[in-house]
Amino acid sequence: MIKVDEKCIHCGMCINDCMSKVIEFDENKVPKAVHPQRCINCQHCLAICPTGALSFKNKSPENSDSIQPHNPDEILNLIKSRRSYRKYRKENLPKDIMDKLKNMLHWVPTGVNNHRLVFSFVDDIEVMDDIRNYANNKIIKILSNPLFKSKKFDRYRKPILAGEDIAFRGAPHMIVVSTPKDAPCTNIDPVIALSYFELYAQSLGVSTTWCGIAYYIFNNLPELQHQLEIPDGYKIGYVMLFGYSDLKYQRTTQPEPYKIISVKKDNRNMTLKERVKRLWRF
Ligand SMILES: Cc1cc2nc3c(=O)[nH]c(=O)nc-3n(C[C@H](O)[C@H](O)[C@H](O)COP(=O)(O)O)c2cc1C
């Protein structure tokens with residue numbers, strides 16, 4: 001599982017950083033995987049070795065990227081200037097950009113390094129148009145039925161009936177993340193993946209929109225799930241639209257602040273009344 005060469009300085013960092021306690025020193029103080037069945041493939045051992053002496057399952061350190069310093073101001077600006085785009089150019093992204101977006105996804109974290117997410121890319125605008133037309137016709141049919149009473153689409157009813165693509169915002173592309181139903185963090189992994197995807201995309205000048213409406217549509221139209229090749233035992237985690245847009249935002253927004261709580265040291269001297277009050281709150 002791990003191979004250690006003569007560059008090893010016997011520092012034990014790989015042992016120390018292995019959360020599953022897979023590695024131990026052998027009699028010559030060379031790291032050895034003694035409990036391989038516990039390994040979750042996180043590759044911390046490969047990443048932390050100061051001399052690049054350790055290979056993990058034929059992945060040698062020379063094939064890893066070096067770690068560059070990051071500019072926190074630029075990252076914060078990217079976070080602040082990220083927007084949801086609702087107008088797109090009707091054109092495919094260039095292949096090299098699409099490839100960059102796809103390749104980045106292998107680094108998104110998943111709970112317990114489960115690493116079984118599936119990403120369905122609609123990377124051809126013609127396919128996107130097929131899905132769009134099919135779904136929009138279905139929605140129009142449902143909304144036109146006088147027996148349809150759900151209030152969910154009330155806000156969008158008029159424009160949808162007028163033929164506006166409220167669901168897919170005219171986007172040329174879409175990424176649908178599906179997740180094994182039995183994954184330890186099945187609900188959160190896809191959202192993390194799309195959060196990374198969105199920021200990386202916008203750093204490349206590619207616009208994105210989280211798409212709750214498409215998520216709702218796909219969950220109600222199994223035939224589209226089939227087209228997206230969602231594997232058996234999987235469910236759709238979430239959906240994001242993307243493509244080039246001519247919209248250009250000039251400045252960041254100024255959102256209302258969230259409530260941020262600094263949790264204080266537990267006050268053991270609380271009165272009984274305070275304790276009851278606190279218990280009641282939770
Ligand atoms: C989980 C989630 C689902 C969303 N679903 C949709 C959607 O279906 N259609 C849409 O136009 N925008 C959707 N949005 C975008 C939000 O409306 C948007 O984030 C919000 O208006 C703030 O704008 P901003 O993203 O530009 O800051 C969604 C956002 C999130 C986080």
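For region 209-231, which residues satisfy the criterion of being within 21 Å of the chain's Cα centre (by Cα), within 16 Å of the ligand (Cβ to nearest atom) and farther than 19 Å from PHE242 by Cβ? Of everything in region 209-231, just one residue is within 21 Å of the chain's Cα centre (by Cα), within 16 Å of the ligand (Cβ to nearest atom) and farther than 19 Å from PHE242 by Cβ, namely ASN219. Screening VAL191 with (1) touching a residue at least 12 places away in the same chain (Cβ under 8 Å); (2) in a loop (DSSP other than H, G, I, E, B) gives one miss only, at (2).
Condition first: under 21 Å from PRO231 (Cα atoms) and hydroxyl-bearing (Ser, Thr, Tyr). Now tell me which residues in region 65-116 satisfy that. Listed by number, the list holds a single entry, THR110.
Just one of the listed residues (SER84, SER60) is within 16 Å of the ligand (Cβ to nearest atom) and of a type in the set (Gly, Ala, Ser), and it is SER84.
Residues in region 129-183 that are closer than 27 Å to SER245 by Cβ, small (Gly, Ala, Ser) and not in a loop (DSSP other than H, G, I, E, B): ALA135, SER178.
In region 199-282, counting only helices (runs of 4 or more DSSP H) that sit wholly within it, the ones holding 3 or more residues that are surrounded by fewer than 11 Cβ atoms within 10 Å (Cβ to Cβ) and outside the structural domain of SER81 (by TED's automatic domain parsing) span 272-281. Scanning region 1-23 for residues that are out of contact with any strand residue (DSSP E or B) (no Cβ under 8 Å at 6 or more places or on another chain) and among the small types (Gly, Ala, Ser) returns a single hit, SER20. Of the residues screened, ARG116 is one that is touching a residue at least 40 places away in the same chain (Cβ under 8 Å), farther than 15 Å from ASN220 by Cβ and more than 16 Å from the ligand (Cβ to nearest atom). When region 138-183 is limited to residues that are within 12 Å of the ligand (Cβ to nearest atom) and basic (Lys, Arg), the one that is nearest to HIS106 (Cα to Cα) turns out to be ARG169. Filtering ASP124, ASP189, ASP96 for residues that are modelled with pLDDT of 95 or more, open to solvent by 50 Å² or more (accessible area, probe 1.4 Å), charged (D, E, K, R) and under 20 Å from VAL239 (Cβ atoms) leaves a single hit, ASP124. Here LEU221 meets the list (1) under 16 Å from LYS100 (Cβ atoms); (2) out of contact with any Gly (no Cβ under 6 Å at 6 or more places or on another chain) almost entirely, failing just condition (1).
The values are calculated or read from the model by the stated rules, or taken from the named source; none is laboratory data. As the structure is a prediction and not an experimental result, all values here were calculated from the model. Cβ: placed from backbone, ideal geometry, glycine included. Neighbour counts: every protein chain shown. Heavy atoms of the whole protein, side chains included, go into the accessibility calculation; ligands, DNA and RNA do not. Shrake-Rupley method; radii C 1.70, N 1.55, O 1.52, S 1.80 Å.
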